[in-house]
Every structure is written in structure tokens, then in C-alpha cells.
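Since the structure comes first, as C-alpha cells, the remarks are kept for the end.
Values in this text are rule-based calculations from the coordinates and carry no lab data. Predicted model, so just to flag it, every value in this text is computed and none were measured. For neighbour counting, all protein chains shown are included, and Cβ atoms are generated from backbone atoms with ideal geometry for every residue, glycine included.
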Amino acid sequence: MSALIAIVLRDLRVALRAGGGAGVGVIFFLSLVVIVPFAVGPDMPLLKRIGPAMLWIGALLATLLGLDRVFAADHEDGSLDQLLMSSVPLELIAAAKGFAHWLASGLPLVIVTPLLGLMLGVEPHALATVALTLLVGTPGVTFLGLAAAGLSASLPRGGLLGAVLVLPLAIPLLIFGVVTTNAAILGEGLGSPFRFLCAISLFFLVLGPIAAAAALRHVRE
Amino acid sequence: MPLIDYANPHRFQRLAAWLIPLLGVVAGTLIVLGLATGWAAPADYQQGQMVKVMYIHVPFAWLALGGYTVMAISALGTLVWRHPLADVSGKAAAQVGAVFCFLCLVTGALWGRPTWGTYWDWDPRLTSVLVLFLLYLGVLALWRAFDDPLRAGRAAAILALVGFINVPIVKFSVDWWNSIHQGPSVSRLGAPTIDPSMLYPLLLSAGGFFVLFAVLHMALMRNELLRRRARTLRILQAAEAER
Amino acid sequence: MRLRTEQLSCVRGGRSLFRDLSFELAAGEALAVTGPNGAGKTSLLRIIAGLLSPAGGRVALEDGGLPLNESCHFVSHYDGVKGALTVMENLSFFCALLGGATDGKRSVAPAAALSRLGLGALGELPAYVLSAGQKRRLALSKLLAAPRPIWLLDEPTAALDVTGKEVLLGMIGEHRARGGMVVVATHLDLELEDAREIFISNGRAV
């Protein structure tokens, strides 16, 4: 157990210190949200309608594009070898690294979501719900992306490839996240769409590390 | 003393030691004066008391753009004139400018809510400031991405210049984008003429904030120089241990 | 405790590096794997560590109690040191990750391990300031701070100076005296006492 905590702390420290790239995901998220009105026009009613969708797409892309370094960095400097020599199962190691990555990259997205939602005209009373759907959904996306990160760990330019592999699988999260938010905008409470979102996200929390471990074992030389 | 003499970090630290508190007092005085006279000035007949946000919002906007200009000049100093303190100045300007830019956006949103009903509606001026904010964030992210401050400084300088050249293009495009969809409307945060009773407080307050910018800029430069010194000492310590 | 390989074969990049390699190592013994660069020395070590699957044959640890990958330390050119962390944070991480089974038993305190390897004064420095030799010594310090019976060392003296090499030989001697086993891959003569030798070259192992 202390080994898992040590892994989470180490990854967090590396991500948050200089050169770790922790803030870039949030800036990317912000940039994505900002360019949508430029493409669509400053048409507030239209922006209001697509606001939740843009927030979800932005968070999805920002999460996926940062995931490729999760295992690649350790593969390159020999840390992955050391991790494999420990008594901790590789699945749990992958989960610990995924959790650390989400804390450094995913949680900040959730925190700035209300502010960005305001800019896209999302109704103030629905801002908390958008943030909640992302709070529930981004861990699922992150852990699902772990599998892709494991597959592309030893590839020199694996980053975009990983995002491409995972994007179709993340569609269910996207669907239920946006539907839940739209319902909240209309004043309805959290119903079955939200429950589906939670269920799928939890499923990915389990599937992701297992697939990542399998990928690391079989695809590395 | 010619400017080049302040290239020595020690000289700069000594200068900063007394200049920062002095300018701090000047800034504080001007800001208090400006805001006090602004508060006492008559309210706008359309917007009521809320127009007084202008006394901080407008200086913030000027400083956001001014900060980027200081950053661009520092970038020239780094790449062209090779002044040793130029990249330190650039980093400090990026940090202070980004904060003022953010405050401009926030005050603009707060001004918008009671006056026009929404916090944000993509009007061309505020949108331009938002894009400027993204450019700032990019420069700051680039600074953080490198271990070595000198490499980071050169990279950030190049980015700052590229951004600076693009600012007029972005401004033009944003205005164009806005006018296509909404017709040629006057940006709601501008006023073609401004009553003198509002102008003097504005200038006082703006002057105070400009001096505040200088204070913060110098203070951040001082911190950065200390940080680099600490880093160099660590590297030397490790090298010593080898022998 | 004995380390045994039976008919071990390794194929990398379509080339057969070695075939039907069998040897046994008892407690206290050392094995030097020599040969030119690229011959397969690193691959042999990685197979023993469990990081690489052999094309044929198997590796077994008898009377070991723990699986093979938890009974070995693997130190190679890729030292697994994170530049953003301090020297002590790096070592503490290795201890937390690799030291569980042997906590308290014959382990050296992390600070003492760093001192033994000449890094004692550098504990709080970020690891990116270290030279290549210092990073290698940081990687070696985990051998003392998180004891495991089998040491797999791949060209360990590559970045070390004379003092470093002496310290390492001392560490190896003490480890063997306590019943540990050492397998060293090197293309230099390491002056190990009483070491058996396997020479790998051109697809053959002797």
C-alpha cells in the first residue's frame, strides 16, 4: 500500500514541478472553448445550446492528449523496469499512475469548468451539474486512456495515436455527460443519464488499468 | 548611469531594494487618490454607479496590453541586444501582465452583469483581451516547460515576439468577426468622449496602477534572480561533491 | 537459495543471441557475463529479472520464497532517476517500491546508503543537477537501502570513477558474504573474486 502511495506522490511531484507540464491541459481546455465562438459566431443563443457539448469535447480532448506521457516517460528513463520489479501488481501500478495523472491534469479541468461554462452561456444553476458530470466522467476517460497509453508507451510518436484509439470508446461518456447537463439546464434533476454516466465511468476505472497492464506486458519488448 | 550598468544583477538588486518601497508608496497614493475622486465623481446617467468599475477596468486593460509590450521589448533585449536581465524582465512582465489581463476580464464580466444582463457575451473588446490572455498563458506555460532558465528565456522571447506581431491581426479579425454577426455596433465598453470629471480620476488611478505594475515587475525580477542564484548554487554544490 | 537457468534461449531482432544456456548460481557466488557490445549480455540479465521473455528455456529460483522479479535488483544504464525529484526523494521512492519484503532486516538507512556512495551531502538537491556518475551511484544506493538477494548489474562501472568502483566492489563483497548472489554484465575486467564467467559472442555462450 505504501508503494502505491509512493507511486502517486512521485508522479504528482514530477507533474507539478517545472518541466512536468501540469498546467498545459487547462490552458488547452480554455483555448478549445475560446475558439468555438470564433468558428460559430458570437451568437449567444447558439452558444448556449452547444455550451455543454463544447465543454465536454474540450475536457475530453484535453485529457486524452496529455495521457501519452503517462507510461512513455517511465519507459524511456528505466523507471518502468523498476516498477515491474516491485511486489505491486502492474494493474495497481497503472491505476495509481492514472489517479496521479487525473489529480494533476483532470481535476483542474473540473475546477475551471464553471468559469468557462459562464462564458458559453450555460445557465448559472446548471454550472454545478456540468462540473459534476466532468468530475465523474474525466476519471473514466483518464483510466480508459491508460490502456492506449500502455499500447503506445514504446512508440516514439504515440501521442495522437493514443487519443485516436480511445476517442470512439469515450463516446458513451460524452453522450451521457452532455445529456445530463442539458437536463439540468431545463431544470430537471439528475436522473438515469447521470446513473449511466457513473456506471460507465466506474467500468472504465476497472477496465483501464487491466488493459494497460496487459499492453505493457505484451507490447514492450 | 547608462542602462547597461544595471545589467549586473547585484546592482539591480541594490537598486530594487530602495526603489520598490518608494514606488510602492507612490503607487498606493495615486491609486487611493484616483479611486477616491472616482467614487466622488458623478454617476453615469445610463449605467448608474456601476460605471465606476471603469476606474479599475480600463487601467487593467491598458496594463494588459502594456505588459505584453514590455514583454516584447524584453524579448528584443534577449534575442537582439543580449542584455543579461532582459529575459528576467520578460518573465516578470508576463506574470504581472497576465494577472492584470485576468483582472480586466473579471471586472469586465462583473460590469457586464448588472449593466447588460450577462457576464459574458463575446463582445469584440473583451474577446480580444481574452485572446491576449491565452497568449500570456502560452508564454507562461513555455517558461515552465524548461528546466534551464536561459533556454526557457530564449524560447519565451521568440513566442512573445511572434505573438506581439500577431496582436493587431487578431484584433482586426475579432472586430470583423463581431461585425459580421451583429452588424457594425459600437463596442459597449468604449465611450467616444468622456466627461472631464470622470477623466481626471481615471488618469490618476491609471497612473497609480502603472506605477504598481513597475513595482510588481521589479519585485518579480528580484525574485527570479534569487531563484536562479539558488539553482546555480545547487548545481555547483553537486559538481563540488564530485571532486 | 539457488538461481538456475535451463536451456535458456534468446532471440532479438531476428538474431539468435544465445541458445541452451544453462547455469546455476549458489548463495555467495558471483557470475560475470562478458562479451562484446550487443552480444546479448543485457538481454540475459533482463530475462533473469523477468523483464524479457526468453525464446526458450526457463529461469528458476529455488528456496527463494518470493517470485524472481521480487528477489532481484536490476541496475542498468537507464537508472530510473527522476530529475525533478530530490536525491533523497528518488531513493525513498525506490525503498518504498522495492523494499517491502526486507524492511528492517539488514537494510541500511537511506541517508547512510547515500553517504556510502558519496552522495551524502547532496540529499536535498534536485536530481537534474547530478552528473551521470552521480545518478548511477544514486541508482546503486538502492542496493543497500532496499536489500534483495540477487543483484543484476549491467555495466555498473560504466560511469563510475576509481573511488566509485572500489565502493561497488566492496558492496558486492559484503553482499556475497551475507549469502547474496551477483550477476554482472561487463565488457571490462572487473576483478571480482572467484567469479564464474560466461562469455557470449556471435550467438554462442561459453
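Could you size up the charge dipole of the range C:2-205 around its Cα centre, putting +1 on the beta carbon of Lys and Arg and -1 on that of Asp and Glu, and report it in debye to the nearest 20?
On the way: 22 positive and 21 negative charges, 88 e Å.
I would put it at about 420 debye.
Which peptide among B:88-94, B:220-226, C:141-147 comes first, and what is the full order, when sorted by highest mean count of other Cβ atoms within 10 Å?
Numbers: B:88-94: 25.7, B:220-226: 17.9, C:141-147: 23.4.
Ranking the peptides B:88-94, B:220-226, C:141-147 by packing returns B:88-94, C:141-147, B:220-226.
Within a Cβ distance under 15 Å of A:Leu127, other residues only, what is the Lys/Arg minus Asp/Glu net charge?
Numbers: positive: A:Lys48, B:Arg113; negative: A:Glu123.
Cβ neighbours under 15 Å give a net charge of +1.
Loop only by DSSP, 14 or fewer other Cβ within 10 Å of the Cβ. Give me the GluC sites (Glu not before Pro) in the range C:109-206 that pass, ordered by residue number. Can you show the working numbers first?
Numbers: sites: C:Glu124, C:Glu166, C:Glu174, C:Glu191, C:Glu193, C:Glu197; in loops: C:Glu124, C:Glu191, C:Glu193.
Filter output for the range C:109-206: C:Glu124, C:Glu191, C:Glu193.
What is the mean number of Cβ atoms from other protein chains located within 10 Å of the Cβ atom of each residue in peptide C:123-133, rounded to a whole number? Can you show the working numbers first?
Numbers: counts 0, 2, 6, 7, 1, 8, 11, 5, 4, 0, 1.
That average works out to 4.
For the range A:7-107, what is the convex hull volume of its Cα atoms per residue in Å³? Spell out each step's value before the answer.
Values: hull volume 9.9 nm³, N = 101.
Once divided by residue count, the hull of the range A:7-107 is 98 Å³.
Grab the DSSP H runs of chain B that are 4 residues or longer, score each as -39,500 (n - 2.57), total them, divide by all residues and round the 222 nm result to the nearest 500 deg cm²/dmol. Mind dumping the intermediate values first?
Working: 6 runs with 189 residues, N = 243.
Taking each H run of at least 4 residues, the total per residue is -28000 deg cm²/dmol.
Per the Kirkwood treatment, what hydrodynamic radius in Å, one decimal, follows for the protein assembly as shown from the mean inverse distance over all distinct Cα pairs?
Values: mean 1/r = 0.0348 Å⁻¹.
The Cα-based Kirkwood calculation yields 28.8 Å.
Per residue of C:72-78, how many C-beta atoms from partner chains lie within 10 Å of its own C-beta, taken as a mean? Please report the intermediate quantities before stating the final value.
Working: counts 1, 2, 5, 3, 2, 1, 8.
Mean shielding by partner chains, rounded to a whole number: 3.
Using only alpha carbon pairs under 8 Å that are at least six residues apart, calculate the relative contact order of chain B and give it in whole percent. Spell out each step's value before the answer.
Working: 270 pairs, mean separation 84.1, N = 243.
Result for chain B is 35 percent.
Once you've got the Cα coordinates, tell me which of C:Lys82/C:Lys165; A:Lys97/C:Lys142; C:Lys135/C:Lys165; C:Lys82/C:Lys142; A:Lys97/C:Lys82; C:Lys41/C:Lys135 are over 25 Å apart.
Working: C:Lys82/C:Lys165 23 Å; A:Lys97/C:Lys142 22 Å; C:Lys135/C:Lys165 14 Å; C:Lys82/C:Lys142 14 Å; A:Lys97/C:Lys82 15 Å; C:Lys41/C:Lys135 22 Å.
None, as every Cα separation is 25 Å or less.
All other residues with a Cβ under 14 Å from the Cβ of C:Leu169 taken together, and with Lys, Arg as +1 and Asp, Glu as -1, what is their net charge? Provide the component values of the computation, followed by the final result.
On the way: positive: C:Arg116, C:Arg137, C:Lys165, C:Arg176; negative: C:Asp161, C:Glu166, C:Glu174, C:Asp189, C:Glu191, C:Glu193, C:Asp194.
Here the charged neighbours net out to -3.
Evaluate the Debye formula for chain A with equal point scatterers sitting on the alpha carbons, no solvent, and hand back log10 of I(q)/I(0) at q = 0.13, 0.17 Å⁻¹, in q order, two decimals.
-0.72, -1.13
On average over all directions, what projected area in square nanometres does chain B have, based on the convex hull of its Cα atoms?
The Cα convex hull of chain B, projected and averaged over all directions, gives 15.9 nm².
Treating only the Cβ of Lys, Arg, Asp and Glu as charged (+1, +1, -1, -1), what charge dipole size does the range A:2-219 show about its Cα centre? Round to the nearest 20 debye.
The dipole magnitude comes to about 80 debye.
If you take the alpha carbon radius of gyration of the range A:84-209 and divide it by 2.2 N^0.38 Å, what ratio comes out, to two decimals?
Details: Rg = 16.0 Å, N = 126, 2.2 N^0.38 = 13.8 Å.
Rg over 2.2 N^0.38 Å, computed on Cα atoms: 1.15.
Once you sort the root eigenvalues of the Cα gyration tensor of the range C:2-205 as a ≥ b ≥ c, which label holds: rounded (a/c under 1.5), prolate (a/b larger than b/c) or oblate (the other case)? Intermediate values should be presented prior to the final figure.
Working: a/c = 1.77, a/b = 1.53, b/c = 1.16.
It comes out prolate by the Cα gyration axes.
For the range C:109-193, what class follows from the C-alpha gyration tensor (a ≥ b ≥ c being the square roots of its eigenvalues): rounded when a/c is under 1.5, otherwise prolate if a/b is larger than b/c, else oblate?
Numbers: a/c = 2.03, a/b = 1.35, b/c = 1.50.
Taking the square roots of the gyration eigenvalues as a ≥ b ≥ c, the range C:109-193 is oblate.
Can you tell me which of B:Gly38, B:Gly67, B:Gly28 moves the most in a GNM of chain B? Springs connect C-alpha atoms under 10 Å apart.
Judging by the Gaussian network model, the answer is B:Gly28.
For A:Ala22, what charge total do you get from the other residues with a beta carbon under 12 Å from its beta carbon, if Lys and Arg give +1 and Asp and Glu give -1?
Values: positive: A:Arg13, A:Arg17, A:Arg69, B:Arg144; negative: A:Asp11.
Local net charge: +3.
Just checking the output field for A:74-82: average partner chain Cβ neighbours within 10 Å of each residue's Cβ?
Numbers: counts 2, 1, 1, 7, 9, 9, 3, 10, 13.
What the average comes to for A:74-82 is 6.
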